[in-house]
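Engineer: Could you have a look at this structure, given as structure tokens, before my questions?
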Amino acid sequence: GENVEQHPSTLSVQEGDSAVIKCTYSDSASNYFPWYKQELGKRPQLIIDIRSNVGEKKDQRIAVTLNKTAKHFSLHITETQPEDSAVYFCAAIEPEKLVFGKGMKLTVNP
Amino acid sequence: DAEITQSPRHKITETGRQVTLACHQTWNHNNMFWYRQDLGHGLRLIHYSYGVQDTNKGEVSDGYSVSRSNTEDLPLTLESAASSQTSVYFCASSASGGYNEQFFGPGTRLTVL
């Protein structure tokens, strides 16, 4: 079955810096890769996703890149703000169900 | 507006008791999922369902069961609660088709004493 590895597990940045979260997956058949953000005490919520026929996708300050050959994908957050502080989960689809990475706690210091 | 709800939001129970956590969605989604979230382990899949009368085991299904008698509900039952099942439980749902967003419920914090 699919295995998703996520690193680093924690990241602390200064407000305005960029943050990058990297994930690798094992199943070359996976074709959908969503990213979820979970604020403290809240439910995970989708922030961006990418399909395997696309190499990059942007939405304002966040972007996701996908390298199918290397089987890795990354989340990039530019101009970080304190409200970006949260746990971020990457995931890969295994038909109809998601396999999640273990999450990365991002802290943005004012 | 369509939504997904869970009840109770908090539950304290004793070892050995049977506990049922409710999950209800109004999106008419075929797919429903139960996860547990523990520090250092992320979101681990317990059970999932692709439609009425369909249930499947996830990676951490021992000690848990589900049943799907209608589209809207997927209750999770802990047959005999153990302290190792103290966790935050999230229900989620998605439309069929593979590329569809999973919507999560607000979570249930379960403590087994």
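Read-outs throughout are calculated quantities, based only on the coordinates presented, and are distinct from any laboratory measurement. If you're wondering where the values come from, they're calculated on a predicted model, not measured in any experiment. No Cβ is skipped: glycine too gets one built from the backbone with ideal geometry, and neighbour counts run over all protein chains shown.
Engineer: So if we plug the beta-carbon distance of B:S69 and B:H41 into 1/(1 + (r/R0)^6) with R0 = 22 Å, what FRET efficiency do we get, rounded to 0.05?
Structural biologist: Approximately 0.15, to the nearest 0.05.
Engineer: Okay, next question. Considering just Cα atoms, how many Å³ per residue does the convex hull of the protein assembly as shown enclose?
Structural biologist: That works out to 122 Å³ per residue.
Engineer: Something else now. How large is the charge dipole for segment A:37-110, taken about the Cα centre, if only the Cβ atoms of Lys, Arg (+1) and Asp, Glu (-1) carry charge, to the nearest 20 debye?
Structural biologist: 200
Engineer: Report the normalised scattering of segment B:1-65 as log10 I(q)/I(0) at q = 0.23 Å⁻¹, calculated by the Debye formula with identical scatterers on the alpha carbons.
Structural biologist: Normalising to I(0) and taking log10 leaves -1.25.
Engineer: Rounded to whole Å and sorted largest first, what semi-axes of the equivalent ellipsoid does the C-alpha gyration tensor of chain B yield via the square root of 5 times each eigenvalue?
Structural biologist: With the √(5λ) rule applied to chain B, the semi-axes are 23, 14, 13 Å.
Engineer: Where does segment A:50-110 land on Rg/Rh, using Cα atoms and the Kirkwood Rh?
Structural biologist: The Rg/Rh ratio comes out at 1.00.
Engineer: At R0 = 41 Å, how high is the FRET efficiency between A:K42 and B:Q53 if r is their beta carbon distance? Nearest 0.05 is fine.
Structural biologist: For A:K42 and B:Q53, the calculated efficiency is 0.80.
Engineer: What distance in nm separates the simple spin-label points at A:D17 and B:T111, each placed 7 Å from Cα in the Cβ direction?
Structural biologist: 3.6
Engineer: So for chain B, averaging the separation of alpha carbon pairs under 8 Å that are six or more residues apart and normalising by length, what relative contact order in percent results?
Structural biologist: Worked out over chain B, it gives 35 percent.
Engineer: Give the Cα extents of segment A:1-64 along the principal axes, in whole Å, largest first.
Structural biologist: The Cα atoms of segment A:1-64 stretch 37, 24, 21 Å along their principal axes.
Engineer: Right, here's the next one. About the Cα centre, and with charges only on the beta carbon of Lys, Arg (+1) and Asp, Glu (-1), how big is the dipole of the protein assembly as shown? Nearest 20 debye, please.
Structural biologist: For the protein assembly as shown, the charge dipole is close to 240 debye.
Engineer: In square nanometres, what is one fourth of the surface area of the convex hull spanned by the alpha carbons of segment B:55-108?
Structural biologist: So the Cα hull casts an average projection of 4.6 nm².
Engineer: Moving on to the next point. Quick check of the Kirkwood formula: for chain A, what is the inverse mean of 1/r over all pairs of different Cα atoms, in Å?
Structural biologist: Answer for chain A: a Kirkwood hydrodynamic radius of 13.9 Å.
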